[in-house]
2 protein chains.
Amino acid sequence: MIGAGLIGGSLLRAVGKAGRAVWGTSASEETAAQARVDGFDVGTDTDAALRRAAEADALVVLAVPLPALPAVLRRVDAVAPTCRLTDAVSVKVAVADAVARLAPRARYVGGHPMAGTAESGWSAGAAGLFTDAAWVVATDDGADAEVWADVAELAWACGARVVPAASDEHDLAVARVSHLPHLLAAVLAAVGAAGEDELPLALAASSFADGTRVAGTRPELVLAMCEGNRDALLAAVDDALGRLGAMRGALASTGGLAATVHAGHEGRLRWAAARDPQLLRVHRGTAPDELRAIGRRGDAVAGWSG
Amino acid sequence: MIGAGLIGGSLLRAVGKAGRAVWGTSASEETAAQARVDGFDVGTDTDAALRRAAEADALVVLAVPLPALPAVLRRVDAVAPTCRLTDAVSVKVAVADAVARLAPRARYVGGHPMAGTAESGWSAGAAGLFTDAAWVVATDDGADAEVWADVAELAWACGARVVPAASDEHDLAVARVSHLPHLLAAVLAAVGAAGEDELPLALAASSFADGTRVAGTRPELVLAMCEGNRDALLAAVDDALGRLGAMRGALASTGGLAATVHAGHEGRLRWAAARDPQLLRVHRGTAPDELRAIGRRGDAVAGWSG
């Protein structure tokens with residue numbers, strides 16, 4: 001496990017709890033010391049951890065923010081060039097590009113466990129963070145089937161369900177349902193705080209509290225996430241701008257907001273209906289296009305069949 | 001109490017619990033019957049309830065949606081033309097205009113208890129709905145000081161704090177922190193559900209769940225609230241559109257989102273800091289401009305002094 005923050009620290013705990021051998025490394029001596037106090041095998045020597053992974057043919061998991069990735073990938077290429085490799089970064093195309101450039105011999109299959117809180121750091125982690133969460137496993141044509149299975153088994157060991165998706169369709173989806181919510185929350189918080197007096201914020205109730213909650217996330221985390229998904233995010237922002245502009249036009253002309261409000265209500269109902277995905281079992285080595293079809297239907301993979 | 005839905009029903013319970021005489025009326029026989037089963041004096045004869053209020057010189061509270069208001073105001077003018085009158089509608093200028101047109105002799109001071117849930121109807125009501133909530137009491141120049149005091153005492157009896165504000169500044173404030181959140185939630189829910197497959201909604205996690213929560217509100221309630229505040233809402237929507245457009249430009253040109261994300265983070269921190277208003281006591285008959293200054297500072301009135 002490279003990185004022992006919220007995600008890496010939670011993975012160390014979850015994998016350890018599942019009874020599998022796991023060791024990690026952190027760029028911060030303080031974080032590594034905290035993890036050791038809690039009984040985990042975490043140091044600060046990335047090369048040593050990678051060398052050990054190469055010797056054991058272990059799956060290397062990159063749980064560092066996108067901006068920290070290039071430096072880590074250079075060490076992978078130097079120390080464990082052909083290792084089994086995955087990651088927990090919230091964008092997939094940018095990571096795949098970086099791996100292809102900086103650690104091209106690695107047997108890489110991307111991953112994205114869809115879990116998190118507004119907190120960060122080792123102490124915010126928990127073994128149960130991934131329970132019943134969606135864990136996207138990148139399912140591009142030509143993906144290494146053995147490493148794909150490794151990543152799926154890691155997700156299942158952590159209590160998550162596997163959602164197979166191509167890297168680019170993952171990025172378009174999270175732009176809409178994860179990155180755009182952060183940007184709209186930021187805009188809403190800024191509008192609420194923009195007045196010259198305190199009256200608006202004093203009158204803000206639950207609709208404002210919920211709508212701006214993720215604006216409380218540490219800005220550098222939001223920036224790393226959103227800026228790494230620029231093209232997909234532009235499409236999502238343009239969709240939102242188009243709908244907001246059409247609504248503005250209707251409000252100014254007829255005063256009617258029915259189209260906007262009804263479309264939003266239907267979207268929320270569709271979201272609620274999607275909370276209970278069908279959990280399937282698949283044969284090891286199922287073809288990527290068959291796996292991707294499962295994700296597009298909104299279903300997920302929970303284990304091997306047969 | 002004219003109306004026994006979420007707000008009217010909660011007011012009946014809270015006022016009754018405070019030991020004050022209260023009776024009500026509902027347009028729905030079913031609602032009135034439910035309220036009577038729960039021990040409340042609620043009928044369906046609005047004229048009778050208003051006549052009784054006129055005889056007792058009681059404060060009449062209009063707790064009906066904005067579109068239902070004109071018909072009720074005509075009954076007020078016919079049966080209790082000079083009654084003490086307030087309301088619980090979420091916009092203030094439109095109600096004041098309707099009162100001036102349809103019940104011009106009423107001694108009207110507007111009110112807006114800032115509480116609610118996504119639920120509605122008598123059964124969703126609760127005596128504690130207004131506990132520690134902000135309750136805006138319209139504080140326009142020339143307001144009837146005696147009725148202003150009646151409305152303030154009603155709010156305090158329900159456990160709320162009084163936020164004095166002019167009708168128009170109230171409407172501008174709630175456009176930003178209450179109506180705009182509903183519209184952005186609707187836009188976000190529509191963008192999330194817009195794709196041709198189920199993958200985006202399957203990957204939607206807590207940022208999307210929180211950001212779209214109020215899109216689950218009954219559309220007719222959102223429409224009544226937002227469409228009744230058209231001018232103030234246009235200003236808030238234009239502010240949001242301007243910020244979103246600037247962000248889009250920055251994302252497309254430099255790829256940088258720092259300005260947006262930092263402004264949002266600061267806004268959310270300012271909101272958090274405003275959660276603990278100073279609670280003041282004022283003399284009965286304090287001048288409107290002095291009262292409004294309290295609201296603009298983000299503070300509130302909790303009782304009479306001296």
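Among residues other than A:VAL109 with Cβ under 11 Å from its Cβ, the summed charge is -2 (Lys and Arg +1, Asp and Glu -1). Among A:ARG275, A:ARG161, A:ARG36, the largest mean-square fluctuation in a Gaussian network model of chain A, built with springs joining Cα atoms closer than 10 Å, belongs to A:ARG275. Classify chain B as rounded, prolate or oblate from the Cα gyration tensor: take a ≥ b ≥ c as the square roots of its eigenvalues, call it rounded if a/c is under 1.5, otherwise prolate when a/b beats b/c and oblate if not. It comes out prolate by the Cα gyration axes.
Backbone phi angles across segment B:57-66, fed through the Karplus curve with coefficients 6.51, -1.76 and 1.60 (θ = phi - 60°), yield HN-Hα couplings of 6, 7, 7, 8, 10, 8, 10, 10, x, 3 Hz in residue order; Gly and Pro are listed as x. Between copies, the label points of A:ALA293, set 7 Å from Cα on the Cα→Cβ line, lie 7.3 nm apart, reported in increasing order to one decimal in nanometres. Here the 3J(HN,Hα) profile of segment A:269-280, calculated from phi with Karplus coefficients 6.51, -1.76 and 1.60 at θ = phi - 60°, is 5, 5, 4, 4, 5, 8, 6, 10, x, 6, 9, 10 Hz, Gly and Pro shown as x.
Per-residue Karplus couplings for segment B:230-247, computed as 6.51 cos²θ - 1.76 cosθ + 1.60 with θ equal to phi - 60°, are listed in order as 4, 5, 5, 5, 4, 4, 5, 5, 5, 4, 4, 4, x, 5, 5, x, 5, 5 Hz, Gly and Pro entered as x. Placing a label point 7 Å from Cα along the Cα-to-Cβ direction at A:ARG36 gives distances to the equivalent points in the other copies of 7.7 nm, listed shortest first. Mean residue ellipticity at 222 nm, helices only, chain A: -15500 deg cm²/dmol; runs of at least 4 DSSP H residues each add -39,500 (n - 2.57), and the sum is divided by the number of residues. In this assembly, the A-B interface accounts for approximately 8300 Å² of buried accessible surface in total, computed with a 1.4 Å probe and without ligands, DNA or RNA. Residues considered: A:ALA186, A:ALA272, A:ALA236. Largest GNM mean-square fluctuation over chain A, using C-alpha springs under 10 Å, is found at A:ALA272.
Given a 1.4 Å probe, how much area per residue of segment B:171-256 is accessible, in Å²?
Numbers: 2510 Å² over 86 residues.
Each residue of segment B:171-256 exposes 29 Å² on average to a 1.4 Å probe.
Tell me, how many Å apart are the Cα centres for segment B:112-144 and for segment B:39-102? Result: 16 Å between the Cα centres.
For A:VAL60, the amide hydrogen comes within under 5 Å of the amide hydrogens of A:ARG84, A:LEU85, A:THR86, counting only partners 5 or more places away or on other chains and with H modelled in the peptide plane. Note on A:LYS17: lysines with a C-alpha under 28 Å away, same-chain residues under 8 apart excluded, are A:LYS92. Highest mean first, the peptides B:52-63, B:172-183 sorted by other C-beta atoms within 10 Å per residue fall in the order B:172-183, B:52-63. Contact with the other protein chains removes 30 Å² or more of accessible area, compared with the isolated chain and a 1.4 Å probe, from these residues of segment B:145-181: B:ALA173, B:ARG176, B:VAL177, B:PRO181. Here segment B:171-256 is assigned +1 on the Cβ of each Lys and Arg and -1 on the Cβ of each Asp and Glu. Its dipole about the Cα centre then comes out at about 220 debye.
Distance in nm between label sites at B:ASP97 and B:ARG297, each 7 Å beyond Cα in the beta-carbon direction? So the label points at B:ASP97 and B:ARG297 sit 3.3 nm apart.
Quick check: net charge around B:ALA32, other residues with Cβ under 13 Å of its Cβ, Lys/Arg +1 and Asp/Glu -1? That sum, taken over residues with Cβ under 13 Å, equals -4.
Among A:THR254, A:THR131, A:THR82, the largest mean-square fluctuation in a Gaussian network model of chain A (Cα springs under 10 Å) belongs to A:THR254.
Annotation: Cα Rg of segment B:1-143 relative to the compact-globule expectation 2.2 N^0.38 Å equals 0.97.
Leaving ligands, DNA and RNA out of it, report the carbon-plus-sulfur percent of the accessible area of the protein assembly as shown at a 1.4 Å probe.
On the way: 12070 of 23510 Å².
Carbon plus sulfur share of accessible area: 51 percent.
Counted by Cβ distance under 9 Å from A:GLY306, the other residues give a net charge of +2, where Lys and Arg count +1 and Asp and Glu count -1.
The values are calculated or read from the model by the stated rules, or taken from the named source; none is laboratory data. From a predicted model like this one, the values you see are computed outputs, not experimental measurements. In this analysis, Cβ positions are derived from the backbone assuming ideal geometry, glycine residues included, and neighbour counts consider all displayed protein chains. SASA here: full protein model, heavy atoms, side chains in, ligands and nucleic acids out. Shrake-Rupley method; radii C 1.70, N 1.55, O 1.52, S 1.80 Å.
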